[in-house]
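Here's the structure we're looking at; comments come further down.
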Amino acid sequence: MDAWTNLRKILHVDMDAFFASVEQRDDPSLQGIPVVVGGSLNSRSVVSAASYEARKFGIHSAMPMAEVYRRCPHAVLLPVNIPKYRAVSQQIQQIFLTYTPMVEPLSLDEAFLDVTGSLSLFGPAEKIAQLIKRRIQLELNLTASVGLACNKFLAKIASDLRKPDGFVVVQPDRIQEFLDPLSVERIWGVGKKTAEQLHTLNIRTVRDLRNLEQGYLTKLLGVIGSQLYLLARGTDERPVTSDRVVQSIGRETTFANDIADRDLLETVLLKLSVDVGRSARKESLKGKTISLKVRFSDFKTISRSHTLTQASNLDDVIYREVCQLLREVELRQPVRLMGVTLSNLTDKEESQLSLFAELTQDRENLTKVMDLVKEKYGEMSITRAKLL
Ligand SMILES: [Mg+2]
């Protein structure tokens, strides 16, 4: 009996430097040179993806673009082209789906696949992983790194270990051997804060962590502590869920210059609310919870939310709620970033028992007409006075 009997076979497939690789693939003059995909230099945006040539200069995602220029002035900077990456992402998904329906995308460039049920059709999981890698290479001219393990946690760590173009298998009888030397930061849920807490106790590797008792870890870190206890032993029962639903719809914006003026902030909120409302209506979704995120010039970030009694996707409703939330925020400093999110989503029409049902219906109809006009004649055809 081999060590895999009765265990799941989970793949984590992660594209290598995805956005940058797509750009290099589509323009041969970019091959072999540092390419950085992100916002423009004079804005305060950050790196979305860096080619491996750019990484040699210490450039990585989430680094401010200004820092990119300091480290590597000759890097080619390109704007983020989400529609293009999404199209490639769909082609990748199509390849995945020929091997299993159990595909759980995490983002445009990575996904979990449960291939346990595919073995009789396609052969061992190792072979399926290699086939997927080869097809991505041949059909899309891109490379992916793959991790194979008996759960999501281990597969995700494995795919990251030998990038680019890597393939790492975690054998079930060698899980501890695999995990023990890794630094605690590799574990899901260990952010900067938790890592620091652990470091002060001289816990640096998974092996160090595994020597702690469950009760002690839970006392120290709360819920995360008991999760860490299990993860340090390679235990993770979470299933691969293929029908991932949209959890929230959000928009945020970073200002070129910090804003202290409340009126101006409200105007920005209107624009964000309209964007969020329209995306929600496009997907036929309504949400009950509306959240506001505010980042101050010192990077301190707060978020406030309010839950409605009835789900909505109307711009006015979203706008009214976020304005109310903003009024409750003390502006001790100018604001650097603001975001609006609609969550607690539903796609079911709730029965509207309120007296205002008819009124709401009218506003929904009017909003639908406005969306149609905008789609046909462009964004500026109908706009609110406040945005002019
Ligand atoms: Mg990736």
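Computed from the coordinates by the stated procedures, all read-outs in this text should not be read as laboratory data. Being a predicted model, the structure only gives us computed values, none of them experimental. Every residue, glycine among them, receives a Cβ derived from its backbone with ideal geometry; neighbour counts consider all protein chains shown.
Assorted remarks:
- In order along region 202-210, phi translates into HN-Hα couplings of 6, 9, 10, 10, 4, 4, 4, 5, 5 Hz, rounded to whole numbers, per the Karplus curve 6.51 cos²θ - 1.76 cosθ + 1.60 with θ = phi - 60° and x for Gly and Pro.
- GNM result for the chain, Cα springs below 10 Å: residue of 11, 209, 366 fluctuating most strongly: 366
- For the pair residue 253 and residue 329, label points projected 7 Å from Cα toward Cβ lie 1.4 nm apart.
- The distance separating the Cα centre of region 97-172 from that of region 192-217 comes to 30 Å.
- Dipole of region 1-172, positive end: most advanced residue of 116, 155, 132 [Cβ charges, Cα centre]: 155
- Trypsin sites (Lys or Arg not before Pro) restricted to region 276-312 and DSSP loop, no more than 14 other C-beta within 10 Å: 300
- Candidates 153, 299, 122, ranked by Gaussian network fluctuation over the chain, Cα under 10 Å, top entry: 299
- Region 56-125: trypsin sites (Lys or Arg not before Pro) in DSSP loop, at most 16 other beta carbons within 10 Å: 56
- Label-reachable residues, region 322-342, where backbone N falls under 18 Å from a point 7 Å from residue 300's Cα toward its Cβ: 326-339
- Positive contributions from Lys and Arg (+1) and negative ones from Asp and Glu (-1), summed over other residues with Cβ under 14 Å from the Cβ of residue 71, come out at +1.
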